[in-house]
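Asks: Provided herewith is a single structure, encoded as structure tokens, for subsequent inquiry.
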Amino acid sequence: MEHDKIAVVDFGGQYAHLIATKVRRLHVLAEIRQPDDPVEAFAPYKGIILSGSPALSAFGEDAGYTKAIYDLDVPIVGFCFGHQEIAKHYGGQVEHGGREWGFADLHITAPHALFAGLSPVEPVWMSHYDSVTAVGPDFQELGYSTLGGGTEVQHRYAAIGSDRLRRYGFQFHPEVDDTLHGDAMIANFVLNICGCKPSWTMARYVEEEMARVRAQVGDGAVFLLISGGVDSTVAARLLGEALGPERVHLLHIDTGLMRKDESRQVVALLEGLGLGGHLTFVDAGADFLGALAGVVEPEAKRRIIGDTFVAVFEREARRLGIEHHLLAQGTIYPDTIETGGTKRADTIKTHHNRVPIIDAMIAAGRVVEPLAELYKVEVRELGERLGVPHDMVWRHPFPGPGLGVRLLCSTGAPDREGFEAIEAALAPLAAGSGLSLVPLPFRSVGVKSDLRAYEHPVLITGAADWDGLLRLAAGIYKAVPGINRCVWNLGPAAPASVAPRAATVTRERLDLLREADAIVMDGLRRHGLYDRIWQCPTVLVPLAVDGRGQELVIIRPIHSERGMTATPARLPDALLDALRRDLLALPGVSGLAYDLTTKPPGTIEWE
Ligand code: XMP
């Protein structure tokens, strides 16, 4: 059946995805569209939402997008930047200034269907530099803002609308949870103003997707590369339901870059799900380690891992005589659309379900991607529905290149480029905080202003409270050039020396990382924290601290909603004490640090 759909125009940042997930929770399908999509691409939608933008300004120069959408006879609402664009397009004015950031109160001046069921004053969340200062003839102010709890008007035209044109705008962000009744405002727009029927349910999705898969595969079969992560496991289960397990050939490649005991657990899980009949397990550790021998540079490692993956699966498919089956992948929505987020993420790190050979197979209709329309949270809901065990459904994401991107490598030469300027800029911050701030002589990958930043971390040593540490870290990224991470030393004292040593990806180092990672995961589970954090990479850096040991261990617990942004997660002291004791006791470990970096400027993974 055809579902009513909403288009969300992605002007960048995280907002569009957040809006789309909020609309989907209403059981209305929302799809991301690019600002320069031709107007015809908007034909299937019953309403359009223009997102905010972290970078664009509606003030001054023309923001290039398909303005012909304003000629369409469907309701349009804009949030923040989108709001200013709508005001401007219909004869209003936008000016620099009137900056608001954080909580504000929205005072609703005219009763309106957009605010049905809400109070006359609603807490909302603002983040803007430019403001609408006048509206065109068809428009009226629906609400103004004051500082939270205050009475002085901060901003007129915080909400505007024209019922004749069916065009609306909110200066605030209804999609963020800090806007208390933002979900109701979005629901009022989607269900009442656009009149969308809430037909897009997970039960329906399963039915329709199974029918689609059956139609695409015909009487053929598929093979699916299964890593044991949430996405590929849920995809396997769905394909098994749709086609019958005998037509789904599963291939699990142990890259040698997996976690401790992971491959064994994956095989047991798939057998438990009744999918073990056509499962081939390939131990390709030697292929991967051979290809990575001597390689240091992060992007080179990623490319080699991706290429080796393709080579191994082609070889195995031929060996098993399944090379003519369709290829199935557990690709999810954010990976399939060219959004700001993912388009830029591609330039930051190479992802491996969109390498050229796979793109060519997609173009030839030879790839089945049953989760391609879903966000992670929806994949999890689907998994629960299909009876995938809870622990598997809520497993932390694990990157395709595995521990390969958590094992930093080095030629052994200290990398101190720009250290003079870095140390000079750190000195006043160290004096002000009373903490030791030492730049480390190696780099990791991060993201600044949407670009890849391959820069140095700063090691912070000393007693400080959590909020103070995070504030200090934020100050460091701002004031110190060439720094994209801050890590907090969990070792006993500020090091007098840190010396890199030559190291690449070896089985011994991987085994050590597997042990360290298992200790961290076990600690999170024991403290009931596993389900409360998004991910916690453990990273090894080949550094001797004060002449001791060979590897600095970094733990990176984070909170995140979709992996596109992240904040560091705070771990309780009792867990940190246990980790200190157990990790520092591992042979060769020279120190332990806690990554305090938000994304941006750091990425979740270190490479
Ligand atoms: P970053 O490190 O870019 O990671 O902040 C964002 C999320 O993506 C995961 N990740 C990957 N997943 N293939 C994957 O399937 C990859 O190459 C890859 N690199 C990063 C990462 O673990 C986090 O959840």
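Asks: Within the range 437-444, is there a residue that is in contact with a Lys or Arg (Cβ under 7 Å, 6 or more places away or on another chain) and within 16 Å of the ligand (Cβ to nearest atom)?
Replies: Within the range 437-444, one or more residues are in contact with a Lys or Arg (Cβ under 7 Å, 6 or more places away or on another chain) and within 16 Å of the ligand (Cβ to nearest atom).
Asks: Looking only at the range 441-498, how many residues end up being closer than 20 Å to LEU540 by Cβ, of a type in the set (A, V, I, L, M, F, W, C) and over 22 Å from the mean Cα position of the chain (by Cα)?
Replies: The number of residues fulfilling the criteria is 7.
Asks: Looking at (1) free of Cβ contacts under 8 Å to residues at least 60 places away in the same chain; (2) within 30 Å of ARG501 (Cβ to Cβ); (3) aliphatic (A, V, I, L, M), which is the one condition that is false for ALA311?
Replies: All conditions pass for ALA311, except number (2).
Asks: Related question: Return a yes/no flag: does the range 35-48 have any residue that is at pLDDT below 95, farther than 22 Å from HIS181 by Cα, among the charged types (D, E, K, R) and surrounded by 20 or more Cβ atoms within 10 Å (Cβ to Cβ).
Replies: No; the residues of the range 35-48 include none that is at pLDDT below 95, farther than 22 Å from HIS181 by Cα, among the charged types (D, E, K, R) and surrounded by 20 or more Cβ atoms within 10 Å (Cβ to Cβ).
Yes/no per residue for (1) modelled with pLDDT under 95; (2) assigned to a loop (DSSP other than H, G, I, E, B); (3) within 26 Å of the chain's Cα centre (by Cα); (4) in the same structural domain as ARG380 (by TED's automatic domain parsing):
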{"site": "HIS27", "(1), (2), (3), (4)": "no, yes, yes, no"}
{"site": "PHE59", "(1), (2), (3), (4)": "yes, yes, no, no"}
{"site": "ASP62", "(1), (2), (3), (4)": "yes, yes, no, no"}
{"site": "TYR65", "(1), (2), (3), (4)": "yes, yes, yes, no"}
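Asks: Output the number of residues of the range 368-396 satisfying the condition of being within 13 Å of the ligand (Cβ to nearest atom) and open to solvent by 20 Å² or more (accessible area, probe 1.4 Å).
Replies: 2
Asks: Among ALA431, ALA453, which is the only one that is within 19 Å of ALA473 (Cβ to Cβ) and more than 15 Å from the ligand (Cβ to nearest atom)?
Replies: ALA431
Asks: Turning to a different aspect of this structure: Among the listed residues TYR144, TYR129, which satisfies the condition of being surrounded by fewer than 21 Cβ atoms within 10 Å (Cβ to Cβ) and modelled with pLDDT of 95 or more?
Replies: Residue meeting the stated conditions: TYR144.
Asks: Going through the range 549-565 one residue at a time, which ones are buried (at least 21 other Cβ atoms within 10 Å of the Cβ) and under 17 Å from THR21 (Cβ atoms)?
Replies: The one that is buried (at least 21 other Cβ atoms within 10 Å of the Cβ) and under 17 Å from THR21 (Cβ atoms): MET564.
Asks: Report, by residue number, each residue of the range 312-334 that is surrounded by 14 or more Cβ atoms within 10 Å (Cβ to Cβ), over 25 Å from ARG212 (Cα atoms) and at pLDDT 90 or above.
Replies: VAL312, ARG315, GLU316, LEU320
Asks: Shifting gears a bit: Would you say PRO356 is more than 24 Å from THR21 (Cβ to Cβ), within 16 Å of the ligand (Cβ to nearest atom) and in the same structural domain as VAL217 (by TED's automatic domain parsing)?
Replies: Yes.
Asks: Is it true that ARG212 is within 20 Å of VAL8 (Cβ to Cβ), modelled with pLDDT of 95 or more and out of contact with any Lys or Arg (no Cβ under 8 Å at 6 or more places or on another chain)?
Replies: In short, no.
Asks: For the structure I just gave you, tell me whether GLY117 is in contact with a Pro (Cβ under 7 Å, 6 or more places away or on another chain) and loosely packed, with under 13 Cβ neighbours inside 10 Å.
Replies: no
Asks: In the range 462-492, which residues are in contact with a strand residue (DSSP E or B) (Cβ under 7 Å, 6 or more places away or on another chain) and modelled with pLDDT under 95?
Replies: Selection gives TYR477, GLY491.
Asks: Here is a further query. Going by the conditions given, is ILE422 aliphatic (A, V, I, L, M), open to solvent by less than 30 Å² (accessible area, probe 1.4 Å), assigned to a strand (DSSP E or B) and away from the ligand (no atom under 16 Å from the Cβ)?
Replies: No: the conditions fail for ILE422.
Asks: Still on this structure, please answer the following. Looking at (1) part of a loop (DSSP other than H, G, I, E, B); (2) β-branched (Val, Ile, Thr); (3) crowded, with 21+ Cβ neighbours inside 10 Å, find the lone condition where VAL176 falls short.
Replies: Against the list (1) part of a loop (DSSP other than H, G, I, E, B); (2) β-branched (Val, Ile, Thr); (3) crowded, with 21+ Cβ neighbours inside 10 Å, VAL176 comes up short only on (3).
Asks: Give me the pairs: first residue in the range 549-571 and within 23 Å of TYR15 (Cβ to Cβ) and charged (D, E, K, R), second residue open to solvent by less than 10 Å² (accessible area, probe 1.4 Å) and within 14 Å of the ligand (Cβ to nearest atom), beta-carbon distance under 7 Å, and six or more apart or on different chains, which are they?
Replies: ARG562/HIS17; ARG562/TYR375
Asks: Just the residues that are within 16 Å of the ligand (Cβ to nearest atom) and either open to solvent by 50 Å² or more (accessible area, probe 1.4 Å) or of a type in the set (Asp, Glu) (or both), please, taken from the range 456-476.
Replies: none
Asks: Next question. Applying the selection to the range 264-297, what residues are within 16 Å of LEU403 (Cα to Cα) and either modelled with pLDDT under 95 or open to solvent by less than 30 Å² (accessible area, probe 1.4 Å) (or both)?
Replies: ALA284, GLY285, PHE288, LEU289, LEU292, VAL295
Asks: Further, regarding this structure: Within the set of pairs 6+ apart or on separate chains, which have a first residue in the range 413-436 that is under 30 Å from ALA503 (Cβ atoms), a second that is among the hydroxyl-bearing types (Ser, Thr, Tyr), and C-beta atoms under 9 Å apart?
Replies: Sorted first by the residue in the range 413-436, then by its partner, the pairs are ALA430/SER436; LEU435/THR461; SER436/THR461.
Asks: From ALA493, ALA544, which residue is surrounded by 19 or more Cβ atoms within 10 Å (Cβ to Cβ), in contact (Cβ under 8 Å) with a residue 12 or more places away in the chain, of a type in the set (Gly, Ala, Ser) and over 30 Å from ILE332 (Cβ atoms)?
Replies: Every option except ALA544 fails the conditions.
Asks: Which condition number in (1) away from the ligand (no atom under 16 Å from the Cβ); (2) modelled with pLDDT of 95 or more is the one that ILE533 fails?
Replies: For ILE533, the exception is condition (1).
Asks: Could you list, ordered by first residue, the pairs with Cβ atoms under 9 Å in which the first is in the range 576-588 and touching a residue at least 40 places away in the same chain (Cβ under 8 Å) and the second is open to solvent by less than 30 Å² (accessible area, probe 1.4 Å) and in a loop (DSSP other than H, G, I, E, B), at least 6 apart or interchain?
Replies: Close Cβ pairs satisfying both conditions: LEU576/LEU490; LEU579/LEU490; LEU579/LEU571; ARG580/LEU490; ARG580/GLY491; LEU583/LEU490; LEU584/LEU490; LEU584/GLY491.
Asks: Sticking with this one: Among the aromatic types (Phe, Trp, Tyr) and open to solvent by 30 Å² or more (accessible area, probe 1.4 Å): is that true of TYR157 in this structure?
Replies: For TYR157, the condition - among the aromatic types (Phe, Trp, Tyr) and open to solvent by 30 Å² or more (accessible area, probe 1.4 Å) - is met.
Asks: Scanning for something out of contact with any Cys (no Cβ under 9 Å at 6 or more places or on another chain), open to solvent by less than 30 Å² (accessible area, probe 1.4 Å) and either within 15 Å of the ligand (Cβ to nearest atom) or charged (D, E, K, R) (or both), does the range 566-578 turn up at least one residue?
Replies: Yes, the range 566-578 has at least one match.
Asks: Also, I was wondering about something else. Scanning for something closer than 30 Å to GLY285 by Cα and within 14 Å of the ligand (Cβ to nearest atom), does the range 541-549 turn up at least one residue?
Replies: Taking every residue of the range 541-549 in turn, none turns out to be closer than 30 Å to GLY285 by Cα and within 14 Å of the ligand (Cβ to nearest atom).
The values are calculated or read from the model by the stated rules, or taken from the named source; none is laboratory data. Please read all numbers here as calculations on a predicted model, not as lab measurements. Virtual Cβ from ideal backbone geometry, glycine too; neighbours counted across all protein chains shown. The protein model used for the area step is the full one, side chains on, heavy atoms only, and it has no ligands, DNA or RNA in it. Shrake-Rupley method; radii C 1.70, N 1.55, O 1.52, S 1.80 Å.
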